[in-house]
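Enquirer: Mind having a look at this structure? Questions to follow.
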Amino acid sequence: MHRFTAILAGAIVFAVAIGSAQQPSSGGPYKVLRRANVGGEGNWDYIYADVAGRRLYIPRRAPAAVAATDARPAAPAIRTRLTIFNLDTIEPIGEIDGVGGNGTAVDPKSNHGFTSSKPVSMFDTKTMKLIKTIDVGAAQPDGIYFDAFNDRVYVFSHPTKDAMVIDSKDGAVLGTIDLGGVPEQGVADGKGTLFVVMQDAEGSVTAVDVKTMKAIAHYSLGDKGGCNGLALDRKNHVLFAACARSGNPPPVPPQPMMVILSADDGRILANLPLAGASDGAVFNPATMEAFSTHGNGTLTVVKEKSPTSFEVEQNLETMNFARTVTFDSKTNHILTMSVERGPAPPPPPGGGRGPQGTPVPGTFTILVIGK
């Protein structure tokens, strides 16, 4: 009965969030094709599809044991591990113990994988064994990206406002890149330029010459801020920056916004409303659509009708707290993940964001989205 009550309460919160978030109706071509309840406890951040290797990687971080209080029951310590799934069936195929962090990136040529942990972990994707760890100094790894242009991995750090550059062939640290802001998601054009979106109150995108490992441009997003997602249409040189706030001062409640801009010079092409605050974005060149996932349980689809014309095509209900995203270009599927939670404790007396509800054991779920 207690478990049912927790799920019911979480569902009510989810329904309220969806009702307030949707602007265009949820009618459209996309739907949740599958909800794979894979279970497993622990925190998570990014989800990563290795399209060539047909594997799906989700680091599960280990929160410390929590003593019981009047508001919530005791919680045991959770084992840190990198969970690995078959990308086609979403069946678990292995774990690497002790390898956690926030995200994963894989070089399909060397079969080397990396996690944005402290220290960074380098592993063999075939044997699913740890190769070595890489010291990151003062950095606090968050986002991570592999660029096949020159076989390098970029590990983004909030407090140091930079990216550590790692050779994916041997794990050698090649240097760091000053990004000039708090970095979140990165994307590359495949021709030597890396773009990274900044999470600062005044949002921006930094363009990096990967050959010199230097920032070459900073594109302002105007009054848009809290930007976590970034996607790229390589063919037409169009960037899609998913931002949590817009306006100066921002309205209450905040209005999340997709800022669409030229990758060549940063010129703003369009601003479109998002159904929630994004923590990730991807682009499908086969359908000319950008996707943004949000913690309030929505996904916004933006259609690129031409290189200068864009529209919100659909706002889809997903799962509450399903906020990060990955793309499988073989199947054209979008994947995200979340867990059911019990009722949230009240916010602190002085105001501000309150803690989340306790995760319901065994409810961790991977969502597969498509047409």
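The rows are residues; the columns are (1) over 21 Å from Y46 (Cβ atoms); (2) of a type outside the set (D, E, K, R).
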{"position": "T176", "(1), (2)": "no, yes"}
{"position": "G180", "(1), (2)": "yes, yes"}
{"position": "E184", "(1), (2)": "no, no"}
{"position": "Q199", "(1), (2)": "no, yes"}
{"position": "G203", "(1), (2)": "no, yes"}
{"position": "T206", "(1), (2)": "no, yes"}
{"position": "T212", "(1), (2)": "yes, yes"}
{"position": "Y219", "(1), (2)": "yes, yes"}
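Enquirer: Continuing with this model, one more query. Of all residues in segment 319-341, which are more than 20 Å from L230 (Cα to Cα) and touching a strand residue (DSSP E or B) at 6+ places or on another chain (Cβ under 8 Å)? Can you show your working first?
Expert: We begin by selecting, within segment 319-341, every residue more than 20 Å from L230 (Cα to Cα); these are 319-320, 330-331, 338-341.
Of everything in segment 319-341, those that are more than 20 Å from L230 (Cα to Cα) and touching a strand residue (DSSP E or B) at 6+ places or on another chain (Cβ under 8 Å) turn out to be M319, N320, T331, S338, V339, E340, R341.
Enquirer: Mind counting the residues in segment 232-265 that are closer than 27 Å to S306 by Cβ, surrounded by fewer than 17 Cβ atoms within 10 Å (Cβ to Cβ) and β-branched (V, I, T)?
Expert: So the count comes out to 0.
Enquirer: Let me ask another. Return the only residue of E289, E313, E317, E304 being at pLDDT 95 or above and closer than 26 Å to V339 by Cβ. Even if it seems obvious, please write down each step before you answer.
Expert: Working: E289 fails: closer than 26 Å to V339 by Cβ; E313 fails: closer than 26 Å to V339 by Cβ; E304 fails: closer than 26 Å to V339 by Cβ.
After applying the criteria, what remains is E317.
Enquirer: Do you know which residues across segment 119-149 are part of a loop (DSSP other than H, G, I, E, B) and in contact with an Asp or Glu (Cβ under 9 Å, 6 or more places away or on another chain)?
Expert: Of all residues in segment 119-149, those part of a loop (DSSP other than H, G, I, E, B) come to 119, 125-128, 135-140, 148-149.
Matches in segment 119-149: P119, T125, M128, A139, A148, F149.
Enquirer: Which residues, taken from segment 145-158, are closer than 22 Å to V51 by Cα and open to solvent by 20 Å² or more (accessible area, probe 1.4 Å)?
Expert: The answer is Y145, F146, A148, F149, N150, D151, R152.
Enquirer: Also: Residues in segment 207-231 that are aliphatic (A, V, I, L, M) and open to solvent by 20 Å² or more (accessible area, probe 1.4 Å): how many? Even if it seems obvious, please write down each step before you answer.
Expert: Step one: of segment 207-231, the residues aliphatic (A, V, I, L, M) are 207-208, 210, 213, 215-217, 221, 230-231.
Retained after the next criterion (residues that are open to solvent by 20 Å² or more (accessible area, probe 1.4 Å)): 213, 215-217.
Qualifying residue count for the region: 4.
Enquirer: Could you look through segment 84-117, keep only residues that are free of Cβ contacts under 8 Å to residues at least 40 places away in the same chain and open to solvent by less than 30 Å² (accessible area, probe 1.4 Å), and pick out the one that is farthest from V38 (Cα to Cα)?
Expert: The selected residue is I96.
Enquirer: Against the definition (more than 23 Å from T293 (Cβ to Cβ), under 21 Å from the mean Cα position of the chain (by Cα) and not in a strand (DSSP E or B)), how does G266 come out, yes or no? So that I can check it myself, show each step before the final result.
Expert: Values: more than 23 Å from T293 (Cβ to Cβ): yes; under 21 Å from the mean Cα position of the chain (by Cα): no; not in a strand (DSSP E or B): yes.
In short, no.
Enquirer: Out of N228, N284, which single residue is touching a residue at least 24 places away in the same chain (Cβ under 8 Å) and farther than 14 Å from V205 by Cβ?
Expert: Details: N228 fails: farther than 14 Å from V205 by Cβ.
The conditions single out N284.
Enquirer: In a strand (DSSP E or B) and open to solvent by less than 10 Å² (accessible area, probe 1.4 Å): does that describe L272? Give the derivation first.
Expert: Details: in a strand (DSSP E or B): yes; open to solvent by less than 10 Å² (accessible area, probe 1.4 Å): no.
For L272, the condition - in a strand (DSSP E or B) and open to solvent by less than 10 Å² (accessible area, probe 1.4 Å) - is not met.
Enquirer: Would you pick out the residues in segment 313-335 that are within 15 Å of Y46 (Cα to Cα), open to solvent by less than 50 Å² (accessible area, probe 1.4 Å) and in contact with a Ser or Thr (Cβ under 6 Å, 6 or more places away or on another chain)?
Expert: Filtering segment 313-335 down to residues within 15 Å of Y46 (Cα to Cα) leaves 321-328, 334-335.
When the remaining residues are screened for being open to solvent by less than 50 Å² (accessible area, probe 1.4 Å), the result is 322, 324-328, 334-335.
Those that are within 15 Å of Y46 (Cα to Cα), open to solvent by less than 50 Å² (accessible area, probe 1.4 Å) and in contact with a Ser or Thr (Cβ under 6 Å, 6 or more places away or on another chain): A322, V325, L335.
Enquirer: Mind listing just one residue for me: the one in segment 293-308 that is open to solvent by 20 Å² or more (accessible area, probe 1.4 Å) and touching a residue at least 24 places away in the same chain (Cβ under 8 Å) and, of those, nearest to the chain's Cα centre (by Cα)? I'd like the intermediate steps shown before the answer.
Expert: Of the residues in segment 293-308, the ones open to solvent by 20 Å² or more (accessible area, probe 1.4 Å) are 295-296, 303, 305-308.
Retained after the next criterion (residues that are touching a residue at least 24 places away in the same chain (Cβ under 8 Å)): 295-296, 307-308.
On the way: G295: 11, N296: 14, P307: 25, T308: 26 Å.
Here the answer is G295.
Enquirer: If a residue has to be hydroxyl-bearing (S, T, Y) and open to solvent by 40 Å² or more (accessible area, probe 1.4 Å) to count, how many in segment 118-144 make the cut?
Expert: Keep residues of segment 118-144 that are hydroxyl-bearing (S, T, Y), which gives 121, 125, 127, 133.
Keeping just the survivors that are open to solvent by 40 Å² or more (accessible area, probe 1.4 Å) gives 127, 133.
Of the residues in that region, 2 qualify.
Enquirer: Just one of (1) under 22 Å from N102 (Cβ atoms); (2) surrounded by fewer than 24 Cβ atoms within 10 Å (Cβ to Cβ); (3) not aromatic (F, W, Y) trips up A281, so point out which.
Expert: Checking A281 against (1) under 22 Å from N102 (Cβ atoms); (2) surrounded by fewer than 24 Cβ atoms within 10 Å (Cβ to Cβ); (3) not aromatic (F, W, Y), the one that fails is (2).
Enquirer: Please tell me if A67 is under 30 Å from P346 (Cβ atoms), of a type in the set (G, A, S) and over 17 Å from the mean Cα position of the chain (by Cα). Steps first, answer last, please.
Expert: Numbers: under 30 Å from P346 (Cβ atoms): yes; of a type in the set (G, A, S): yes; over 17 Å from the mean Cα position of the chain (by Cα): yes.
Judged against the criteria, A67 is a match.
Enquirer: It is to be established whether one or more residues within segment 76-83 are part of a strand (DSSP E or B), at pLDDT below 95, among the hydrophobic types (A, V, I, L, M, F, W, C) and surrounded by fewer than 17 Cβ atoms within 10 Å (Cβ to Cβ). It would help to see each step written out before you state the result.
Expert: Kept after step one, since they are part of a strand (DSSP E or B), are these residues of segment 76-83: 81-83.
Imposing the further condition that a residue be at pLDDT below 95 reduces the set to none.
No, segment 76-83 contains no residue that is part of a strand (DSSP E or B), at pLDDT below 95, among the hydrophobic types (A, V, I, L, M, F, W, C) and surrounded by fewer than 17 Cβ atoms within 10 Å (Cβ to Cβ).
The values are calculated or read from the model by the stated rules, or taken from the named source; none is laboratory data. Quick caveat: nothing in here was measured; it's all calculated off a predicted structure. We place every Cβ from the backbone using ideal geometry, glycine too, and count neighbours over all the protein chains shown. Surface areas here come from the heavy atoms of the whole protein model, side chains and all, with no ligands, DNA or RNA. Shrake-Rupley method; radii C 1.70, N 1.55, O 1.52, S 1.80 Å.
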